[in-house]
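Below is one structure, written out as structure tokens; the observations come after it.
Taken together, the values in this text are just the output of simple stated rules run on the coordinates, not laboratory data. In this text the structure is predicted, and so the values were computed from the model without any measurement. We place every Cβ from the backbone using ideal geometry, glycine too, and count neighbours over all the protein chains shown.
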């Protein structure tokens, strides 16, 4: 169950129940039509839903079948790939609002296109991640939201014992990362003093938080800071310039000064 409230929708407050079994990764969202597509490797649409309602074979083929001179690419801006579990929330909210719009239940949806509704759903979900409404709750009650895995740290240890380099890369900032990783490591929520030790860091060669992925892959001007794990404070670095200045083995020398980056 999750709540949805936003100024984008004139401050309407709604409750939706997430059906995890309905969604899988690999689907494509047609934001222009409010449809969800399952395609094969030949880009043939095998299954299509409008909101939560199946689309007939005739309609599906009319909308998405290839013609003699055109093969659908599904790469236009109106198509969104569901590559991550995070997008299940977006998809469920969007499908729910598509059905509500089609039923004419709420006037505030009448003058919005499906594409506008999807864009506003994305803005709302992004806002929830930024303002702490999700992560603050998880940090307060990790046992309620996080699933423990007894094999996680033995697996990481086996990687390092085999000589492999292990890194953690996350968009979450240090404070939240520390809470989550300490909970996964100790298998319980620990006090502040124990949390400051961050013993789980011994299983990683480098830890990058607040990574802004995927933007960091294409933006050479993103700032790079060094994090002090004891208190989460940030120290300035010159990023790539500092690494290059350290010589041929600059990357390793840079990491030796501290393994946590922001």
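Numbers at a glance
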{"quantity": "Cut-off 14 Å, label 7 Å out along Cα→Cβ of residue 122, residues of region 32-72 by amide N", "calculated": "32-34"}
{"quantity": "Rough spin-label spacing in nm, given labels placed 7 Å along Cα→Cβ, for residue 137 and residue 40", "calculated": "4.1"}
{"quantity": "Efficiency of FRET from Cβ geometry, residue 83 and residue 231, R₀ 41 Å, rounded to 0.05", "calculated": "0.70"}
{"quantity": "Exposure proxy ranking, count of Cβ atoms within 10 Å, fewest first, for 109, 152", "calculated": "152, 109"}
{"quantity": "Residue 192-residue 52 pseudo-label distance in nm [points 7 Å out on the Cα-to-Cβ vector]", "calculated": "4.5"}
{"quantity": "Two-site FRET efficiency, residue 63 against residue 129, from Cβ-Cβ distance with R₀ of 35 Å, rounded to 0.05", "calculated": "0.60"}
{"quantity": "Protection proxy ranking, peptides 218-230, 192-204, 84-96, average beta carbon neighbours within 10 Å, highest first", "calculated": "84-96, 192-204, 218-230"}
